[in-house]
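Engineer: Structure in structure tokens, see below.
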Amino acid sequence: MRMVDALAERALAGGRATRDEARAVLGSNDDDLLAVVAAAGRVRRRYFGNRVKLNYLVNLKSGRCPEDCAYCSQRLGAESGVLSYTWLTPDQAVEAAGAGVAGGAKRVCLVASGRGPTGRDIDRVARTIAAIRERYAGVEVCACLGLLDAGQATRLRDAGADAYNHNLNTAGERYADICTTHTYADRVSTVEQARRGGLSACSGLIAGMGESDDDLVDVVFALADLAPDSVPVNFLIPFDGTPMAGRWQLTPQRCLRILAMVRFVFPDVEVRLAGGREIHLRTLQPLALHIANAMFLGDYLTSEGQAGRADLDMISDAGFVVEAAGEPTLPAARVDAGLPVTTAADVAPARTDLVRLRRRGAGTDLPPNA
């Protein structure tokens, strides 16, 4: 596909896709899918080598949210049946984070439901950050606590947070269709406050909520205006008991095209494979790693993810390596005017535990595997 090859060449030279080109990537057909993935993969490897950064979610406070975001299982009035509990203690958060760090996570993402943190909440999260820092000195800490008031980002930075996540989720023109208790402008303001407060900005989107190609392009270019260091790409998890229950509009091919479009707009920014990858990409998840350079390990806030061991095997089998603690994520090209990123030379050990003797089907009393 000449168009995506040209996009890759431009990205390798430090440019990015235009809006029309982004729409063209989304509108490409399945016959061209591997060409799209390959072109995006050239860009991903140029800036990030074969490294995959692992992030791990710790849900500090679950459920009971007063906001009415239509996609969210913790929303006001949701009958989703998810876990609901108040704040974890610092020790409980450290224990939860430890599972991710043991699995290779370089960043721990501390999340709490609610409109936004109070001053007391910031104090509570600061103690939790200190406890995690004491146990795992090299781990990055990202906070995701909702809408920020003036000065709160600075307090989180002073407490030891590295980054703040607040997603735009969808295009500004249709934001009122998915939430009425706060505005798109509130979200933009929070990302801006995070940056002004000295935190690395993490902001992304959710695909699969009935948006058009134009909506996806709009939100991605709105994100580009905010210059985040990390862009999580979520795929809607249509929880029962929410207004978006039953929305299964995505295909694995569509998900790959969305990821590729994001990569062509953010060639040298962390693109993270986030919630919903298992249920929408399914067996094509490994192909997504040729576009995204980061992912969440294990479970999400209110739903279970792929087993952590399976995530690590997928990374290895696809020819990638887990990014080590202390290794920079963002490429030198983003900071030092185009210096290349070297590819890690690590080779995963051979698996010797994959052969299992058949004990079902013909010749046994157990049903066959079909």
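Engineer: As a check on your grasp of the helix formula, calculate [θ] at 222 nm for the chain: sum -39500 (n - 2.57) over DSSP H runs of n ≥ 4, divide by the residue count, round to the nearest 500. Working shown, then result.
Structural biologist: Values: 14 runs with 141 residues, N = 370.
Taking each H run of at least 4 residues, the total per residue is -11000 deg cm²/dmol.
Engineer: Using a 10 angstrom cutoff on alpha carbons, build the Gaussian network for the chain and name the most mobile of 93, 102, 24.
Structural biologist: Per the Cα network of the chain with a 10 Å cutoff, 102 tops the list.
Engineer: If I take every Cα pair under 8 Å that is 6 or more residues apart in the chain, average their sequence separation and divide by the length, what percent do I get for the relative contact order? Intermediate results must be reported in sequence, preceding the final value.
Structural biologist: Details: 707 pairs, mean separation 83.6, N = 370.
Here the relative contact order equals 23 percent.
Engineer: On to the next question. Between residue 181 and residue 213, with labels modelled 7 Å along Cα→Cβ, what's the label distance in nm to one decimal, could you check?
Structural biologist: Going from the residue 181 label point to the residue 213 one covers 3.6 nm.
Engineer: If r is the Cβ-Cβ distance from residue 5 to residue 120 and R0 is 51 Å, what FRET efficiency results, to the nearest 0.05? Intermediate values should be presented prior to the final figure.
Structural biologist: Details: r = 54 Å, r/R0 = 1.06.
Given R0 = 51 Å and the Cβ-Cβ separation, E is 0.40.
Engineer: Ranking 255, 69 by Cβ neighbours within 10 Å, fewest first, what do you get? Before the final figure, lay out the partial values.
Structural biologist: Numbers: 255 25, 69 21.
Least crowded to most crowded, the residues run 69, 255.
Engineer: Kindly put 132, 291 in sequence by how many other C-beta atoms sit within 10 Å of each C-beta, fewest to most. Could the numbers behind the result be given before it?
Structural biologist: Values: 132 23, 291 27.
Ranked by crowding around the Cβ, least crowded first: 132, 291.
Engineer: To continue, here is another question. Could you check the simple spin-label distance between residue 364 and residue 64, using points 7 Å along Cα→Cβ, in nm with one decimal?
Structural biologist: 4.8 nm
Engineer: If you take mean projected area of the Cα convex hull in nm² from the coordinates, which of (i) 21.0; (ii) 20.0; (iii) 25.9 do you get?
Structural biologist: Label (ii) holds the value from this structure.
Engineer: Another question, if that's okay. Just to verify a number: FRET efficiency for residue 225 and residue 134, C-beta to C-beta distance, R0 = 35 Å, to 0.05? Numbers along the way, then the final one.
Structural biologist: Details: r = 38 Å, r/R0 = 1.07.
After rounding, the FRET efficiency stands at 0.40.
Engineer: Between residue 245 and residue 99, what FRET efficiency comes out of the Förster formula 1/(1 + (r/R0)^6) with R0 = 25 Å and r the beta carbon distance, rounded to 0.05? Mind showing how you got there, number by number?
Structural biologist: On the way: r = 30 Å, r/R0 = 1.19.
E between residue 99 and residue 245, to the nearest 0.05, is 0.25.
Engineer: In nm, to one decimal, how far is the residue 85 label point from the residue 324 one, both placed 7 Å along Cα→Cβ?
Structural biologist: 3.5 nm
Engineer: Please arrange 145, 26 by how many other C-beta atoms lie within 10 Å of their C-beta, fewest to most. Kindly include the intermediate steps, with their values, before the conclusion.
Structural biologist: On the way: 145 26, 26 19.
Neighbour counts put them in this order, fewest first: 26, 145.
Engineer: Under the 0.36 nm per residue contour assumption, what length would be gained going from the current alpha-carbon distance of residue 154 and residue 13 to full extension?
Structural biologist: Numbers: separation 141, 0.36 × 141 = 50.76 nm, distance 3.51 nm.
Here the segment from residue 154 to residue 13 would lengthen by 47.2 nm.
Each value in this text was obtained by applying a stated rule to the coordinates, not by laboratory testing. Note that this is a predicted model, so its numbers are computed, not measured. So basically every Cβ, Gly included, is an ideal-geometry build from the backbone, and we count neighbours across all protein chains shown.
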